[in-house]
Amino acid sequence: DAKTTQPNSMESNEEEPVHLPCNHSTISGTDYIHWYRQLPSQGPEYVIHGLTSNVNNRMASLAIAEDRKSSTLILHRATLRDAAVYYCILRDSNSGNTPLVFGKGTRLSVIA
Amino acid sequence: GAVVSQHPSRVICKSGTSVKIECRSLDFQATTMFWYRQFPKKSLMLMATSNEGSKATYEQGVEKDKFLINHASLTLSTLTVTSAHPEDSSFYICSGSGRAPYNEQFFGPGTRLTVL
């Protein structure tokens, strides 16, 4: 799977939007962009994924650059419960049942 | 999303003893289960991949005789840490996969192992 680059940490005020960036300049045409997050002392949970078009769900939005070399996870109103490590992961749609490979992710702190 | 459970959620054991961790997919059949290990402030590291009814495939550097993985059914995989040492203390996380067509991975809540 292609590599991703994320900032080590970010901070946000409660109730404000948060934009978490991810660079993936070596992305291939069949790579999906996945975002997972891990709350303290818990297993990772799925947030959102996309291929080319922007995606929205109840948790977040995913904005994908036109050249697909970067993407941004958007939390529209950060809450204290959103404090977690967010992982941006590329997964080849042709890879079959291969495991997700986690990088270092971005540790998001939310300030009340 | 689908639900994966782990048991126990935390365990403390003495050096030299063995500990078994169970991973169950509650509402789907996991043809493949993955085991990860996570040290404090670090990312998840894949330990092994197991397919139902087959021997597990271990990542480089993971001792297969120390970390015994069994995937006897489509809903249960177990990880046994044999002759545990304090350096085996870690957060162990399993995930199940098997729902086509996307083969999404669903993660368990993790098991914190402390070896005294």
Straight-line reach check, B:K20, cutoff 26 Å on alpha carbons, 8 or more apart in-chain or any other chain, hits among lysines -> B:K41, B:K42, B:K55, B:K64, B:K66
Heavy-atom accessible area of A:M59, protein chains in place, probe 1.4 angstrom, given in Å² to nearest 10, is 50
The set of cysteines in chain B having no other cysteine's C-beta under 4.7 Å reads B:C13
Label model pair A:I74, B:A72: point-to-point distance (7 angstrom along the Cα→beta-carbon line) in nm is 5.1
B:T57 neighbourhood, Cβ < 15 Å, K/R = +1, D/E = -1, net charge -2
The Kirkwood hydrodynamic radius of chain A, taken as the inverse of the mean 1/r over all distinct Cα pairs, in Å, comes to 14.1
1/(1 + (r/R0)^6) with r = Cβ-Cβ of B:K64 and A:M10, R0 = 25 Å, i.e. FRET efficiency to nearest 0.05, evaluates to 0.05
The simple spin-label model distance between A:Q42 and A:K3, using points 7 Å out along Cα→Cβ, in nm, is 3.1
Check: C-alpha center region B:55-86 vs C-alpha center region A:51-92, spacing in Å is 33
Over all directions, chain B yields a Cα convex hull whose mean projected area in nm² is 6.9
With 0.36 nm assigned to each residue of separation and the Cα-Cα distance removed, B:T114 to B:H85 gains 9.5 nm
If each K or R counts +1 and each D or E counts -1, the residues other than B:A72 whose Cβ falls under 14 Å of its Cβ total +1
In whole angstrom, largest first, the equivalent ellipsoid semi-axes that the Cα gyration tensor gives for region B:1-41 are 24, 13, 10
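First measure r as the distance between the Cβ atoms of A:A112 and B:L26, then evaluate 1/(1 + (r/R0)^6) with R0 = 35 Å and state the FRET efficiency to the nearest 0.05.
0.50
The values are calculated or read from the model by the stated rules, or taken from the named source; none is laboratory data. Just so we're clear, the structure is a prediction, and the values are computed from it rather than from any experiment. FYI the Cβ positions are ideal-geometry reconstructions off the backbone, even for glycines, and counts take in every protein chain you see. The area values use the complete protein model at the heavy-atom level, side chains included, leaving out ligands, DNA and RNA. Shrake-Rupley method; radii C 1.70, N 1.55, O 1.52, S 1.80 Å.
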